[in-house]
1. If the requirement is being at pLDDT 95 or above, within 13 Å of the ligand (Cβ to nearest atom), buried (at least 20 other Cβ atoms within 10 Å of the Cβ) and not in a helix (DSSP H, G or I), which of these qualifies: Leu104, Leu110, Leu88?
2. Taking the condition surrounded by 17 or more Cβ atoms within 10 Å (Cβ to Cβ), under 30 Å from Pro2 (Cβ atoms) and touching a strand residue (DSSP E or B) at 6+ places or on another chain (Cβ under 8 Å), does Pro216 pass?
3. Of the residues that make up region 132-149, is at least one of a type in the set (Phe, Trp, Tyr), part of a loop (DSSP other than H, G, I, E, B) and out of contact with any Lys or Arg (no Cβ under 6 Å at 6 or more places or on another chain)?
4. Can you give me the ranges of the helices (runs of 4 or more DSSP H) entirely in region 161-275 with at least 3 residues that are away from the ligand (no atom under 16 Å from the Cβ)?
5. Determine which member of the set Glu144, Glu135 is without any contact (Cβ under 8 Å) to a residue 24 or more places away in the chain, out of contact with any strand residue (DSSP E or B) (no Cβ under 8 Å at 6 or more places or on another chain) and not aromatic (Phe, Trp, Tyr).
6. Leu154: over 16 Å from Leu102 (Cβ atoms), touching a strand residue (DSSP E or B) at 6+ places or on another chain (Cβ under 6 Å), of a type in the set (A, V, I, L, M) and at pLDDT 95 or above, yes or no?
7. When you look at Glu195, is it under 30 Å from Gly235 (Cα atoms) and either in contact with a Pro (Cβ under 6 Å, 6 or more places away or on another chain) or touching a residue at least 12 places away in the same chain (Cβ under 8 Å) (or both), yes or no?
Amino acid sequence: MPKPHFENPKHEAEFLRHLERRRTPLKFAFAGSATATHLQLAESEGYQSVVLSVEDEFAALTRLAADLIPPATIVEAGPGDGRHTITLLQRYMQQWAVENYLGLDFSEQLLQHFGSKFRTHFPGISMASAIWDFETGPTSRVEEWRRDDRVLALMVGHTVGNPEAPGIVLKNLRHSLRRKDFLLLSVVLTPSAEETVDSILQPYRTRVFENAALEPLRASGLPDDGAYFEVTWDGSAVIGKAILERPATMLGLDLEAGTEIECFRSYRFRETDVQDLLRSSGWSPLIISARRTSEHTAIIAEAR
Ligand SMILES: C[S@@+](CC[C@H](N)C(=O)[O-])C[C@H]1O[C@@H](n2cnc3c(N)ncnc32)[C@H](O)[C@@H]1O
């Protein structure tokens, strides 16, 4: 494993600003040395059970296809390690064409890993990628890349559930696209009343998840055994915290033993929450819960 590090000095400086407030965004757990710890996590069964929902997505696309041929131009925000994208596109291409694909992500290293995997699987698709932090504002990269056809944007695998402000992310995505473009969004739903807290938290109580969540703190100077990791469910989100076992100096900040740093937050949504979020960020939901499982839902929305 590489020595813990940030992808670039800009990431490090931004991380420090969040560390000062004891709450760090999850995006850093995909970049720098955390690319490797994320890739280990993405291979694990628990992770796949949380994010992978190709059946729901494909069912939504099939309903869209009853009215029109789904776009052959696809842009994706947050493709991760690529496993989900590859499975989804393989199914997609059994029925419809894909000619152009643009992958956008916060992490350059993850995008490189993803890009080589994508090109191996789909040599016939013209593929481009670009860095974009979808929490900070819209990107012009889609407009520069696209031609005049309608675009299908993908934000799958609960990517929208992990940033601090999901509504802002959806707004930024909307402002990076044109009217009438589509969005396929898939999320993990609020657990049913029968689910126990233990069963909700079970996929997160693994060494591989803990390593992935703590890697940006380790890049900041947290020693290997310097904190214990705790996950809790607060009724709307799974929250992960590092609690310092002893004093530590991280990026020049002196932190006392017992300091709590929230380094993971994953919101769960009710179906109505997702629709409200979409509407208030410039999207009109078209197809909802085409094949709703108890855990995931996939929604297709159109840019207003
Ligand atoms: C939970 S993973 C999901 C990956 C993939 N869509 C899947 O279903 O397996 C989140 C993805 O979003 C990216 N991401 C997280 N925060 C981001 C941000 N602020 N801007 C852009 N990409 C971000 C991560 O690098 C990662 O690729």
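The values are calculated or read from the model by the stated rules, or taken from the named source; none is laboratory data. Keep in mind that what you see is a predicted model, and the values were worked out from it rather than measured. For neighbour counting, all protein chains shown are included, and Cβ atoms are generated from backbone atoms with ideal geometry for every residue, glycine included.
1. Numbers: Leu110 fails: not in a helix (DSSP H, G or I); Leu88 fails: not in a helix (DSSP H, G or I).
None of the others qualify; the one that does is Leu104.
2. Values: surrounded by 17 or more Cβ atoms within 10 Å (Cβ to Cβ): yes; under 30 Å from Pro2 (Cβ atoms): yes; touching a strand residue (DSSP E or B) at 6+ places or on another chain (Cβ under 8 Å): yes.
Yes.
3. We begin by selecting, within region 132-149, every residue of a type in the set (Phe, Trp, Tyr); these are 132, 134, 145.
Cutting the leftovers down to part of a loop (DSSP other than H, G, I, E, B) gives us 132, 134.
Subset that is out of contact with any Lys or Arg (no Cβ under 6 Å at 6 or more places or on another chain): 132, 134.
Checked against the condition, which is being of a type in the set (Phe, Trp, Tyr), part of a loop (DSSP other than H, G, I, E, B) and out of contact with any Lys or Arg (no Cβ under 6 Å at 6 or more places or on another chain), region 132-149 yields at least one hit.
4. Numbers: elements: 166-174, 197-201, 207-219.
It comes to 197-201, 207-219.
5. Details: Glu135 fails: without any contact (Cβ under 8 Å) to a residue 24 or more places away in the chain.
From the options Glu144, Glu135, the qualifying one is Glu144.
6. Values: over 16 Å from Leu102 (Cβ atoms): no; touching a strand residue (DSSP E or B) at 6+ places or on another chain (Cβ under 6 Å): yes; of a type in the set (A, V, I, L, M): yes; at pLDDT 95 or above: yes.
So Leu154 does not fit the description; no.
7. no
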